[in-house]
Amino acid sequence: MPVYDMKDEIVDKVLEEIKDVIKSGISTGLRDIDYILDGGLQKGNVYVLGGRTGMGKTALAMNIAHYALVQDKKVIYISLEMSAQQVLKRMIPLVARVKYSAGEYDAQDSEKLMKAVEWSKEKAFVIDDMIQSIDEIICTKYEYLGYNEADLIVIDSLQLLEVSDEGDSRKQAMDSIGRKLKQFARKSGIPVLLISQLDGEIARRPDHRPVLSDIEEQGVIGQYADVVLFLYRDEYYNPDSESKGIAEIIVSKNRSGRTGTWECVWLADYLKFCNLEKE
């Protein structure tokens, strides 16, 4: 039926629904990605962020978590690889907008870092480095922030998650994790950002950009993820790349929108991803 033949109330209802989706999304801080995701990370969705070791997956997840805090969202960061202290050591310089350093900071940077610490204390930001299994995440979700439910949960990473009913293979475990995460996200209304490690097969291909088949053995991807994002930086493989300082975010699966590749700026010294300014 042509739009001009529809009753006004039908058109108005559809428009309101579209507006509600856009309002409900948590912005990632990256303009193009927000656009593709209909306004950001949506309630009840599972987002998988995949990439090779050292590509910057954790840094991107922290960027998204930080931007959620800027929007006064409640964030739970579940770290299965780094301690809570290590997560904070990477997060605070990002908040302070100073170069990440394992050594000493000068007086000016130290002042910025202290302000960032105080800012973080005022935010609903919880780091859990004790949880090991998907079942623990589901069972303890309401204990973190009392009645103030989380707005975003970040899990780093999929490969380190355990399940109580793994069965006979890791593939079955992946399927169980995916199914339980999707049920959890849908029932709670909380978007889940799940980091996934990719293996070395990519390095042996002429084109090193990840594709869905690189993680197809993980049931969470094919059956349960609403959106699959891959992170790729050409300079990771080619130090003299013309795209140095540029990261590609590849949207390989998107249940409710488009797929494709979008570029952003990678500031390695700051562990920060920024919008690519368009001419």
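The values are calculated or read from the model by the stated rules, or taken from the named source; none is laboratory data. For clarity, every value in this text was computed on a predicted model and none was experimentally measured. Note that we place each Cβ from the backbone using ideal geometry, even for glycine, and neighbour counts take in every protein chain shown. Surface areas here come from the heavy atoms of the whole protein model, side chains and all, with no ligands, DNA or RNA. Shrake-Rupley method; radii C 1.70, N 1.55, O 1.52, S 1.80 Å.
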In segment 224-279, anything out of contact with any helix residue (DSSP H, G or I) (no Cβ under 6 Å at 6 or more places or on another chain) and of a type in the set (Phe, Trp, Tyr) is listed as 230, 232, 236, 237, 266, 270
- Output yes when any residue across segment 186-208 is within 19 Å of residue 38 (Cβ to Cβ) and of a type in the set (Lys, Arg), and no when none is. yes
Note: among 268, 247, just one is open to solvent by 40 Å² or more (accessible area, probe 1.4 Å), among the aliphatic types (A, V, I, L, M) and more than 14 Å from the chain's Cα centre (by Cα), namely 268
Taking segment 75-108 and keeping only residues that are open to solvent by less than 40 Å² (accessible area, probe 1.4 Å) and more than 21 Å from residue 56 (Cα to Cα), one is left with none
Practice task
Assess whether residue 214 counts as being among the acidic types (Asp, Glu), within 25 Å of residue 37 (Cα to Cα) and part of a helix (DSSP H, G or I).
Solution key: yes
Residue 194 meets each of (1) in contact (Cβ under 8 Å) with a residue 60 or more places away in the chain; (2) buried (at least 17 other Cβ atoms within 10 Å of the Cβ); (3) part of a helix (DSSP H, G or I); (4) not small (Gly, Ala, Ser) with one exception, condition (3)
Scanning segment 28-59 residue by residue, those under 18 Å from residue 221 (Cβ atoms), touching a Leu at 6+ places or on another chain (Cβ under 6 Å) and not aromatic (Phe, Trp, Tyr) turn out to be 46, 48, 49, 50, 51, 52, 55, 57
*asked:* Can you find a residue that is in a helix (DSSP H, G or I), modelled with pLDDT of 95 or more, more than 30 Å from residue 205 (Cα to Cα) and β-branched (Val, Ile, Thr) anywhere in segment 50-62?
replied: no
Residue 69 passes all but one of the listed conditions (1) under 16 Å from residue 122 (Cα atoms); (2) open to solvent by 70 Å² or more (accessible area, probe 1.4 Å); (3) part of a helix (DSSP H, G or I); the exception is number (2)
In this structure, does residue 256 turn out to be surrounded by 14 or more Cβ atoms within 10 Å (Cβ to Cβ) and hydroxyl-bearing (Ser, Thr, Tyr)?
-> no
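For segment 21-30, how many residues meet the condition of being of a type outside the set (S, T, N, Q) and at pLDDT 95 or above? Spell out how you get there, then give the answer.
Going through segment 21-30, the residues of a type outside the set (S, T, N, Q) turn out to be 21-23, 25-26, 29-30.
Remaining after also requiring at pLDDT 95 or above: 26, 29-30.
Going through segment 21-30 one residue at a time, the tally reaches 3.
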Picked from segment 109-121 (must be touching a residue at least 12 places away in the same chain (Cβ under 8 Å) and open to solvent by 30 Å² or more (accessible area, probe 1.4 Å)), the residue farthest from the chain's Cα centre (by Cα) is 109
